[in-house]
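Okay, so here's the structure we're looking at.
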Amino acid sequence: MEVYRSAAKLMWLCFLAFSVLAPVGLMAGDKHLQSAAGPVRAPQAPISLEEALAIADEGNFDLVMASQRIARAAAAIRRAQAAFYPQVGVSLGYMQGDAPSRYLMTAIDQRQFQPGTDFNQPGWFENWETAAVAEMNLYNGNRDRLGVQIAESEKKYRESARSEIANGIRIAVIQAWYNILASRDYVEISNESLDTISAQLEIMYVRYRAGGALKSDLLSLEVRQARAQEEVVRSKNRLEIAKTALASAMGLDPDTILELKAGTGVLFNVPGTYDEGLTAALSLRPEIRKIREKVYQAEKAMSLAKSGYIPKVDFKSRYWMADPDGSFSTNRDNWTAGVVLTWALFTGFSTDAQVKEATAGLNEALDADRKTLLAVKADVKTAYLRLKEAGERLAVAEKSVESANESFELVRQQYLGGSAGITRYLDSELARNRSRIHTATAYYDRERSRADVCRAIACWEDTAVNTD
């Protein structure tokens, strides 16, 4: 009998050691938990668009928070995996009293029961007890495995959610970048217009004082100068707003002074047709991956709800020593070990309700999947239509610039020869500047539209630097 007791103790101690040491390797291999990201250092030199995108990917706070949500999901996987390991605990307690039942059990556990004890009046007792408890679930209808699968899917969902956020951040950076370039062109064009009007106004002042010009012409030029000055102010303000938007999208302080490298952009490898782009989008868009993970989770939640009909089996063990004065001895130790089957035969129909809830959740996820597919298709088609429109507008605008330049040269020659008045000359100059602005707008709209097609397809991995 002593041999069996010693063998049981040895098995229990091995089980306890495994329970404590087994998770250590898993803890050491966990690489998902991340510390909070520090502030991104502002660039000290002019940056390219590719560098701006890299800074945004590192420092935009929406992306930083998304990374932390991924870390939380990784920790949730660890928590779900804990169900496959034993639960081990230790305790130390003290008790005293004169309850007959407690006296009897304590004396027996202490191995100090005295024959002839009066069970009705056993007297006062005290007890120190130290114990170790280990429990482990052996079977619970696959609930734990389903919980791990759902947690792993949630991590994939969070990763796709970060990709979706990154997709939006990149297009925001690109739009702000081209807004800055367009605003710089607007400032240059409006300054040129103001210089032209100011020069003509000085000439008009001279002619008016000499009696060679009407006051109405002078006043008309002053009004045009005021409008040109207003346009310069508006253009400069748009430029500053665009710079603020770029800094914000990059995760930098709005007061950061940003300088852009001239002639840098990103060459987007956009499929030539809508059908090709749609095929790429259906395989690359993170929104589709997200909803597919939700469908997967809903399917596992259905199985998890149905597992409530299945019994569970647990292993339970306890090892303890008791002594009236705390002088513990392994010669007077105690242990128990056993297997317990638990089966909830009636739960007030809560399991049925959980199954119905999971069924509705699965149907909702499937409907959301179909809705997401339609939304992606509409997004891709809209992006291609806008790209087509922007390209056609640019072609028209470039032709209008050629016509406006030629018209301005003719009117300028007529004005210098005295056959055209100042009003006709300034109208021609204004038309030329407007056509230049429309061309610049159309060009950057086309670049933004190409970037938006890339966003709609999620083709950022196929980008290359364009230094044209």
Being small (Gly, Ala, Ser) and part of a loop (DSSP other than H, G, I, E, B) is the filter; apply it to segment 208-223 and report the residue that is nearest to Gly421 (Cα to Cα). Ala213
Mind listing whichever residues of segment 110-124 are touching a residue at least 24 places away in the same chain (Cβ under 8 Å), closer than 21 Å to Thr330 by Cα and not polar (S, T, N, Q)? Arg111
The condition of being within 28 Å of the chain's Cα centre (by Cα), exposed (fewer than 14 other Cβ atoms within 10 Å of the Cβ) and either of a type in the set (Ser, Thr, Tyr) or modelled with pLDDT under 95 (or both) holds, among Thr382, Thr347, Thr372, only for Thr382
Residue identified as more than 23 Å from Leu430 (Cβ to Cβ) and either in contact with a Lys or Arg (Cβ under 8 Å, 6 or more places away or on another chain) or buried (at least 17 other Cβ atoms within 10 Å of the Cβ) (or both) among Ile174, Ile197, Ile189, Ile241: Ile174
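Condition check ((1) in contact with a Gly (Cβ under 8 Å, 6 or more places away or on another chain); (2) in a helix (DSSP H, G or I); (3) farther than 30 Å from Lys388 by Cβ; (4) modelled with pLDDT under 90) across all residues:
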{"site": "Gln225", "(1), (2), (3), (4)": "no, yes, yes, yes"}
{"site": "Gln229", "(1), (2), (3), (4)": "no, yes, yes, no"}
{"site": "Asn237", "(1), (2), (3), (4)": "no, yes, yes, no"}
{"site": "Thr244", "(1), (2), (3), (4)": "no, yes, yes, no"}
{"site": "Pro254", "(1), (2), (3), (4)": "no, no, yes, yes"}
{"site": "Val266", "(1), (2), (3), (4)": "no, no, no, yes"}
{"site": "Val270", "(1), (2), (3), (4)": "yes, no, no, yes"}
Based on what the data block shows, is Thr359 β-branched (Val, Ile, Thr), in a helix (DSSP H, G or I) and surrounded by fewer than 16 Cβ atoms within 10 Å (Cβ to Cβ)? yes
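Would you confirm, using the coordinates I've provided, whether Tyr103 is modelled with pLDDT under 90 and either farther than 30 Å from Tyr444 by Cβ or touching a strand residue (DSSP E or B) at 6+ places or on another chain (Cβ under 7 Å) (or both)? Give the derivation first.
Numbers: modelled with pLDDT under 90: yes; either farther than 30 Å from Tyr444 by Cβ or touching a strand residue (DSSP E or B) at 6+ places or on another chain (Cβ under 7 Å) (or both): yes.
Criteria met by Tyr103.
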Subset of segment 297-330 that is without any contact (Cβ under 8 Å) to a residue 60 or more places away in the chain and more than 48 Å from the chain's Cα centre (by Cα) - its residue that is farthest from Ala151 (Cα to Cα): Ser327
Looking only at segment 368-387, and only at residues there that are out of contact with any Phe, Trp or Tyr (no Cβ under 7 Å at 6 or more places or on another chain) and of a type in the set (D, E, K, R), the one that is farthest from Ser283 (Cα to Cα): Arg386
Among the numbered conditions (1) closer than 30 Å to Lys156 by Cβ; (2) buried (at least 16 other Cβ atoms within 10 Å of the Cβ), tell me where Ser317 comes up short. (1)
Residues that are outside any strand (DSSP E or B) and modelled with pLDDT of 90 or more, drawn from segment 107-138: none
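Tell me yes or no: at least one residue of segment 131-143 is more than 30 Å from Arg448 (Cβ to Cβ), over 59 Å from the mean Cα position of the chain (by Cα) and not polar (S, T, N, Q). If you could, list the steps in order and put the result at the bottom.
So in segment 131-143, the residues more than 30 Å from Arg448 (Cβ to Cβ) come out as 131-143.
Cutting the leftovers down to over 59 Å from the mean Cα position of the chain (by Cα) gives us none.
Within segment 131-143, not a single residue is more than 30 Å from Arg448 (Cβ to Cβ), over 59 Å from the mean Cα position of the chain (by Cα) and not polar (S, T, N, Q).
Of the residues Ala107, Ala45, Ala75, Ala131, only one is in contact (Cβ under 8 Å) with a residue 40 or more places away in the chain and buried (at least 16 other Cβ atoms within 10 Å of the Cβ); which? Break it down stepwise before answering.
Values: Ala107 fails: in contact (Cβ under 8 Å) with a residue 40 or more places away in the chain; Ala45 fails: buried (at least 16 other Cβ atoms within 10 Å of the Cβ); Ala75 fails: buried (at least 16 other Cβ atoms within 10 Å of the Cβ).
Result: Ala131 is the single residue among Ala107, Ala45, Ala75, Ala131 that is in contact (Cβ under 8 Å) with a residue 40 or more places away in the chain and buried (at least 16 other Cβ atoms within 10 Å of the Cβ).
The values are calculated or read from the model by the stated rules, or taken from the named source; none is laboratory data. Keep in mind that this is a model prediction, so the values were computed, not measured. Virtual Cβ from ideal backbone geometry, glycine too; neighbours counted across all protein chains shown.
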